[in-house]
Amino acid sequence: MLDHMTGGARIELDNLTKRYPGQDAPAVENVSMEIPAGELVVFVGPSGCGKTTTMKMINRLIEPTSGSIRIGGEDVLALPPDELRRHIGYVIQQIGLFPHLTIAENIALVPNLLRWPKAKIQARVDELLTLVGLDAGTYAGRYPKQLSGGQQQRVGVARALAADPPVMLMDEPFGATDPITRERLQNEFLRLQRELRKTIIFVTHDFEEAVKLGDRIAVLRERSRIAQYDTPARILANPADDYVASFVGGDATLKRLALITVAELRPRPGDAAGLPHVPGTATLRQALDVMVANAVQEVACDGGTLTFAEICAAAGRAVSGVR
Ligand code: ADP
Ligand code: MG
């Protein structure tokens with residue numbers, strides 16, 4: 001069951017509804033969507049719009065009132081909940097590491113439940129700590145309170161990945177960290193996902209985070225109803241309505257430029273002497289920042305130059321929604 005698709009499995013929600021006892025309005029109402037295998041989909045919406053309820057229905061911490069959920073074509077509601085949860089990694093803002101267990105024991109929870117041999121578990125713990133950027137020799141034997149918040153958050157991600165689940169649910173996982181740690185976690189997480197290609201639902205109320213991380217974004221309104229579900233570039237270029245536009249904000253063009261790297265524009269060879277330099281990995285938004293800061297209309301990049309006009313042209317191309 002779900003074992004054969006560790007690389008990612010399609011998730012299908014069909015008319016998913018949750019009505020909590022004693023509440024007039026449903027918390028989640030008739031949500032239908034498909035999340036392609038191996039994609040990272042971000043749910044963005046205001047507090048209380050039903051994001052957590054939707055996630056918890058997918059791993060059956062909450063039973064839906066009606067509707068259906070399929071993962072890799074299998075009816076989730078027909079599977080035993082404990083069994084199901086071993087195949088779904090879950091990361092939450094509060095991290096939820098067990099304080100009386102070491103870092104290694106926390107990461108080994110699900111492999112232990114699955115009765116993996118000891119040697120295999122130890123190797124997996126070491127591998128995962130390395131994967132999330134923590135030295136196994138230093139951290140495996142420590143307790144959660146001996147780690148910083150950002151380090152604990154990485155352990156939370158490692159624990160969710162432990163049994164190589166096809167699906168990961170991440171509920172505001174970086175919400176409690178400071179901006180610098182948060183940016184580092186985002187970058188490392190993106191690098192990981194490029195390798196692992198899990199099917200991930202990632203919840204945030206931060207639209208910038210959604211643009212940065214998402215293959216697609218679902219902008220949600222109350223009761224988790226979908227206002228728009230599309231790629232970041234297309235949502236930025238064509239917000240479906242005023243509600244979505246309010247998330248995008250007044251700097252949609254700059255946000256679009258943040259989706260394109262300098263290297264992607266393949267800067268033409270040119271005379272770079274005396275120009276400020278930006279690396280190929282920088283975004284066009286960062287290149288523009290360097291231009292404004294230096295009051296110039298051209299910058300040097302690895303092997304060439306890039307002009308203000310070329311950045312404007314790239315923004316124009318992004319508008320047509322080709323990306
Ligand atoms: P979000 O994660 O988007 O902030 P939630 O899914 O936590 O939203 O909550 C959606 C709505 O359901 C809110 O109005 C919340 O008050 C309500 N709610 C959440 N959990 C419960 C519960 N256990 N019982 C009753 N109402 C709940
Ligand atoms: Mg929530």
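The values are calculated or read from the model by the stated rules, or taken from the named source; none is laboratory data. Note that this is a predicted model, so its numbers are computed, not measured. Cβ: placed from backbone, ideal geometry, glycine included. Neighbour counts: every protein chain shown.
When Ala240 is tested against the conditions (1) more than 20 Å from Gln93 (Cα to Cα); (2) crowded, with 16+ Cβ neighbours inside 10 Å; (3) of a type in the set (A, V, I, L, M), the lone failure is (2). In the stretch 163-195, of all residues being touching a residue at least 60 places away in the same chain (Cβ under 8 Å) and more than 11 Å from the chain's Cα centre (by Cα), the one that is farthest from Glu74 (Cα to Cα) corresponds to Ala176. For the stretch 307-316, the count of residues that are touching a Gly at 6+ places or on another chain (Cβ under 6 Å) and crowded, with 17+ Cβ neighbours inside 10 Å is zero. Check whether at least one residue in the stretch 73-93 is in contact (Cβ under 8 Å) with a residue 40 or more places away in the chain and within 12 Å of ligand 1 (Cβ to nearest atom), and report yes or no. Yes, the stretch 73-93 contains at least one residue that is in contact (Cβ under 8 Å) with a residue 40 or more places away in the chain and within 12 Å of ligand 1 (Cβ to nearest atom). When we screen Ile260, Ile200, Ile217, Ile226 for residues that are of a type outside the set (Ser, Thr, Tyr), in contact (Cβ under 8 Å) with a residue 12 or more places away in the chain, away from ligand 1 (no atom under 16 Å from the Cβ) and in contact with a strand residue (DSSP E or B) (Cβ under 6 Å, 6 or more places away or on another chain), the only hit is Ile200. Out of Arg70, Arg19, which single residue is among the basic types (Lys, Arg) and within 16 Å of ligand 1 (Cβ to nearest atom)? Exactly one of Arg70, Arg19 is among the basic types (Lys, Arg) and within 16 Å of ligand 1 (Cβ to nearest atom), namely Arg19.
Of all residues in the stretch 28-39, none satisfies being buried (at least 18 other Cβ atoms within 10 Å of the Cβ), more than 20 Å from Gln193 (Cβ to Cβ), away from ligand 1 (no atom under 14 Å from the Cβ) and modelled with pLDDT of 95 or more.
A single entry from Glu172, Glu183 fulfils the requirement of being within 16 Å of ligand 1 (Cβ to nearest atom) and under 17 Å from Val211 (Cα atoms): Glu172. Of the residues making up the stretch 40-53, those that are near ligand 2 (Cβ under 10 Å from one of its atoms) and crowded, with 17+ Cβ neighbours inside 10 Å number 7. Residues that are on the phi < 0 side of the Ramachandran plot, touching an Asp or Glu at 6+ places or on another chain (Cβ under 9 Å) and more than 8 Å from ligand 1 (Cβ to nearest atom) within the stretch 56-67 comprise just one, Met57. Taken over the stretch 183-220, residues that are surrounded by 18 or more Cβ atoms within 10 Å (Cβ to Cβ), among the charged types (D, E, K, R), more than 16 Å from ligand 2 (Cβ to nearest atom) and farther than 22 Å from Ala162 by Cα amount to 2.
Residue under question is Val319, and the condition is that it be of a type in the set (Val, Ile, Thr) and at pLDDT 90 or above; does it hold? Step through it out loud before you land on a result.
On the way: of a type in the set (Val, Ile, Thr): yes; at pLDDT 90 or above: no.
Judged against the criteria, Val319 is not a match.
Which one of these does Lys56 not meet: (1) away from ligand 2 (no atom under 16 Å from the Cβ); (2) closer than 25 Å to Phe207 by Cα; (3) free of Cβ contacts under 8 Å to residues at least 24 places away in the same chain; (4) not aromatic (Phe, Trp, Tyr)? Here Lys56 clears every test but (1).
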